[in-house]
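The values are calculated or read from the model by the stated rules, or taken from the named source; none is laboratory data. From a predicted model like this one, the values you see are computed outputs, not experimental measurements. Positions of Cβ are backbone-derived with ideal geometry, glycine not excepted, and every protein chain shown enters the neighbour counts. Note: accessible area is taken over every heavy atom of the protein model, side chains too, but ligands, DNA and RNA are not part of it. Shrake-Rupley method; radii C 1.70, N 1.55, O 1.52, S 1.80 Å.
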Amino acid sequence: MLMGYFNAHRVGPIDAQWYQNVTTDFLTQARSGTFPVVMGSTLYAFNGAVHPFRSAPWQFVLADGVDILSGRTLAPVAVEHITAIASFCAAVLILYVGFARSRPKAKGVAWLFALSYAMAPAATVPFFQYDMYMTMTAQPVMAAALLCVQRIIDGDSVVASGWLGVFLAALWYCHPPMALLTGMVCGACAVAGLATRGVTIRRLIGGAACLATFGALAAPYFSS
């Protein structure tokens, strides 16, 4: 499915060109010793790129990590492709590990679920057709957030509630539209759980933990 990205050529229409320019701008600055990169300043920064560098920088910071590991020897578009492919594989692995831990006797089902996710058109088509790099790099965090929801529904875990707040906040730094959608889904699941199972002190504490961690970590995003 990802064979089209095992090359050093841009894949996709206008969005792909924008992502490539912004990533190249970020990596050019990082390679020259600028960190943190907070706005576009090279020939590739035709639109300034102030917003994604300041408030949704995860794709570019992750790409910089890949660039460092590769010895800063690859073309920026190749680094961009590797970043997206690694994120996709990480999302599948997170889903498998999370479900395998919660269902130790159903590891085969966990693999089936993870692979089904990997091949689901809703998860793959936007990336394959439109080069939605931010969407792809947000997928591991989305998967982790949904696994937290599953833990909360299974056992009213306060720890999982706290981690859910962490992952929901992290999503805003990855890709705001997906953060909003994931937050809406998680909120709907939480409300449905309270409506069907009732309100308890433990569930209220879990909700408070989620909101507190989310508010503390997402505040810089919204203030930006």
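Of Thr137, Thr83, which residue is under 17 Å from Thr182 (Cβ atoms), part of a helix (DSSP H, G or I), modelled with pLDDT of 85 or more and within 15 Å of the chain's Cα centre (by Cα)? Steps first, answer last, please.
Details: Thr83 fails: under 17 Å from Thr182 (Cβ atoms).
So the residue among Thr137, Thr83 that is under 17 Å from Thr182 (Cβ atoms), part of a helix (DSSP H, G or I), modelled with pLDDT of 85 or more and within 15 Å of the chain's Cα centre (by Cα) is Thr137.
State the number of residues belonging to segment 20-56 that are open to solvent by 50 Å² or more (accessible area, probe 1.4 Å), of a type in the set (Val, Ile, Thr) and assigned to a loop (DSSP other than H, G, I, E, B).
Number satisfying all stated conditions: 2.
Could you run through segment 142-158 and say how many residues are without any contact (Cβ under 8 Å) to a residue 40 or more places away in the chain and touching a helix residue (DSSP H, G or I) at 6+ places or on another chain (Cβ under 8 Å)?
Going through segment 142-158, the residues without any contact (Cβ under 8 Å) to a residue 40 or more places away in the chain turn out to be 148, 155.
Right, trim to touching a helix residue (DSSP H, G or I) at 6+ places or on another chain (Cβ under 8 Å) and you get 148.
Final tally of qualifying residues: 1.
Taking the residues in segment 57-74 that are among the aliphatic types (A, V, I, L, M) and either under 15 Å from Gln29 (Cβ atoms) or part of a helix (DSSP H, G or I) (or both) as candidates, determine which candidate is least open to solvent (accessible area, probe 1.4 Å).
Ala63
Collect the residues in segment 21-48 that are at pLDDT below 85 and at negative phi, keeping them in residue-number order.
In the first step, residues of segment 21-48 are kept if they are at pLDDT below 85; the result is 35-36, 38-48.
Those that are at pLDDT below 85 and at negative phi: Phe35, Pro36, Val38, Met39, Gly40, Ser41, Thr42, Leu43, Tyr44, Ala45, Phe46, Asn47.
Pick from segment 185-204 the residues that are in contact (Cβ under 8 Å) with a residue 24 or more places away in the chain, part of a helix (DSSP H, G or I) and open to solvent by less than 90 Å² (accessible area, probe 1.4 Å): which of them is farthest from Ala143 (Cα to Cα)?
Within segment 185-204, the subset in contact (Cβ under 8 Å) with a residue 24 or more places away in the chain is 185-186, 189-190, 193, 200, 202-203.
With part of a helix (DSSP H, G or I) added as a condition, the list becomes 185-186, 189-190, 193, 202-203.
Checking the rest, the ones that are also open to solvent by less than 90 Å² (accessible area, probe 1.4 Å) come to 185-186, 189-190, 193, 203.
Numbers: Val185: 12, Cys186: 12, Cys189: 15, Ala190: 16, Gly193: 19, Arg203: 22 Å.
The qualifying residue farthest from Ala143 (Cα to Cα) is Arg203.
Of all the residues that make up segment 148-168, how many are open to solvent by 20 Å² or more (accessible area, probe 1.4 Å) and within 17 Å of Leu181 (Cβ to Cβ)? Before the answer, list the steps.
The first filter runs over segment 148-168 and keeps only residues open to solvent by 20 Å² or more (accessible area, probe 1.4 Å), leaving 150-159, 163, 166-168.
Filter once more, so that each one left must be within 17 Å of Leu181 (Cβ to Cβ): 167-168.
Within segment 148-168, residues that are open to solvent by 20 Å² or more (accessible area, probe 1.4 Å) and within 17 Å of Leu181 (Cβ to Cβ) number 2.
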